[in-house]
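The values are calculated or read from the model by the stated rules, or taken from the named source; none is laboratory data. All values derive from a computational prediction rather than experimental measurement. Cβ sites come from the backbone with ideal geometry, for glycine too, and all protein chains shown count toward neighbours. For the accessible areas, the whole protein counts, side chains as well, though only heavy atoms, and no ligand, DNA or RNA atoms are used. Shrake-Rupley method; radii C 1.70, N 1.55, O 1.52, S 1.80 Å.
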Amino acid sequence: MSLAQESPARFGEAMPRHDWTREQVADLFALPFPELVFRAAQAHRRNFDPTEVQISTLLSIKTGGCPEDCAYCPQAAQYDTGVTAEKLMSLEAVLAEARAARAAGAQRFCMGAAWRSPKDRDLDQVCAMVEGVKALGLETCVTLGMLTGAQAKRLKSAGLDYYNHNLDTSPEYYGEIITTRTYQDRLDTLGAVREAGIHVCCGGIVGMGEKEEDRIGMIATLASLPVHPESVPINMLVQVEGTPLAGRAPLDPLDFVRTIAVARITMPASVVRLSAGREDMSEETQALCFLAGANSIFYGPKLLTTPNPGRDRDMALLDRLGMRPMEG
Ligand code: SF4
């Protein structure tokens, strides 16, 4: 039977499934590119308006000096990347940035701190930031490293909407990228966040020298979580001089699009974010990512410490594509 004769039910899942096997995910990666993108676009249309893009802004509220050793990260203290360690920003400074993000059209304001895990006194300050940003009418997201169940509950009581904690890659490749914590540590924090009733933002990074089987393993792990992350950021590695991953052979952009498409098919009701790496990505590749089901971007000139396309450039691209920001 040709692909065109297959039953429509095979072109996407009506309901999110949580029993994806690696073989099934590998079969999706192996589809001819037009077929894969077509199925992803169908899954996208079943759950979202494909012309709408969710807009988030990301602010680094505590930069650099991190004790972890993530091989992609310019904020790890042990790599000489020119990033200067800074203290936690003041509440007023964060709220000023949040107001500017709201004025520029952001729906969600994400705050990132370079910690292994937050100390309780730091958490008090972050909770005040969450309350303040929420009072401006923005959705809130923070990424602070590993959390205990009690810390996750505190953040929930402050009104936190999303917690970002990426799985980064496959369980097998994880030890090549990070040695200061385990995959299970990540899953435990994700469990604590879920248990507290906070929405989960969880994805990974590609282009780190991993094999396709690692991209398969990463998506299969995400897609078989008991509840799919509401937000799935897919990042293209931004190579930063001084980090161990600087100088890796870049990933074929079409393999990046494939990863987005498979994320869309396997987690059809999640928002899939075309995340870091857009600065060096052609507008045509970004357009293919939207066609393959990406429906969120980070907006603003900087992503924590690495460059991101300016707001005007993003608005011009959305205009060219006849797309628009998702209503809040
Ligand atoms: S990714 Fe996060 S945890 Fe890892 S080194 Fe960077 S700031 Fe630290």
Subset of region 81-134 that is closer than 30 Å to GLU327 by Cα and assigned to a loop (DSSP other than H, G, I, E, B) - its residue that is least open to solvent (accessible area, probe 1.4 Å): ALA106
By residue number, the members of region 240-299 that are touching a Cys at 6+ places or on another chain (Cβ under 8 Å) and more than 26 Å from ALA76 (Cβ to Cβ) are VAL257, ILE260
From the option list ILE198, ILE216, single residue qualifying as farther than 21 Å from ALA106 by Cα and touching a residue at least 12 places away in the same chain (Cβ under 8 Å) is ILE216
Give the residue that is farthest from TYR163 (Cα to Cα), with candidates limited to residues of region 191-204 that are under 15 Å from the mean Cα position of the chain (by Cα) and among the hydrophobic types (A, V, I, L, M, F, W, C). CYS202
Could you go through region 182-190 and let me know if any residue there is within 22 Å of PHE48 (Cβ to Cβ) and within 16 Å of the chain's Cα centre (by Cα). no
Restricting attention to region 37-68, report how many residues are open to solvent by less than 20 Å² (accessible area, probe 1.4 Å) and over 23 Å from MET326 (Cβ atoms). 6
Being closer than 28 Å to PRO268 by Cβ, part of a helix (DSSP H, G or I) and more than 16 Å from the ligand (Cβ to nearest atom) narrows it down to one residue among LEU190, LEU222; which is it? LEU222
If you go through region 261-299 one residue at a time, how many are of a type outside the set (Ser, Thr, Tyr) and assigned to a strand (DSSP E or B)? 6
Quick one: LYS119 ticks every box in (1) within 23 Å of ASN235 (Cβ to Cβ); (2) within 16 Å of the ligand (Cβ to nearest atom) except a single one, so which number is it? (1)
Run VAL238 past the list (1) part of a loop (DSSP other than H, G, I, E, B); (2) at pLDDT 95 or above and report the number of the one that doesn't hold. (2)
In region 1-36, residues that are open to solvent by 70 Å² or more (accessible area, probe 1.4 Å), within 20 Å of MET218 (Cα to Cα) and modelled with pLDDT under 95 total 2
Options GLY328, GLY310, GLY300: the member that is at pLDDT below 90, touching a strand residue (DSSP E or B) at 6+ places or on another chain (Cβ under 9 Å) and open to solvent by less than 60 Å² (accessible area, probe 1.4 Å): GLY300
Could you give me the residue pairs with C-beta distances under 9 Å whose first residue belongs to region 87-98 and is without any contact (Cβ under 8 Å) to a residue 60 or more places away in the chain, whose second residue is loosely packed, with under 13 Cβ neighbours inside 10 Å wherever it lies, and which are 6+ apart or on separate chains? LEU95/ALA135
From the list LEU190, LEU254, which residue is modelled with pLDDT of 95 or more, open to solvent by 20 Å² or more (accessible area, probe 1.4 Å) and aliphatic (A, V, I, L, M)? LEU254
Quick check on my filter: what residues within region 205-219 are part of a helix (DSSP H, G or I) and more than 15 Å from the chain's Cα centre (by Cα)? GLU212, GLU213, ASP214, ILE216, GLY217
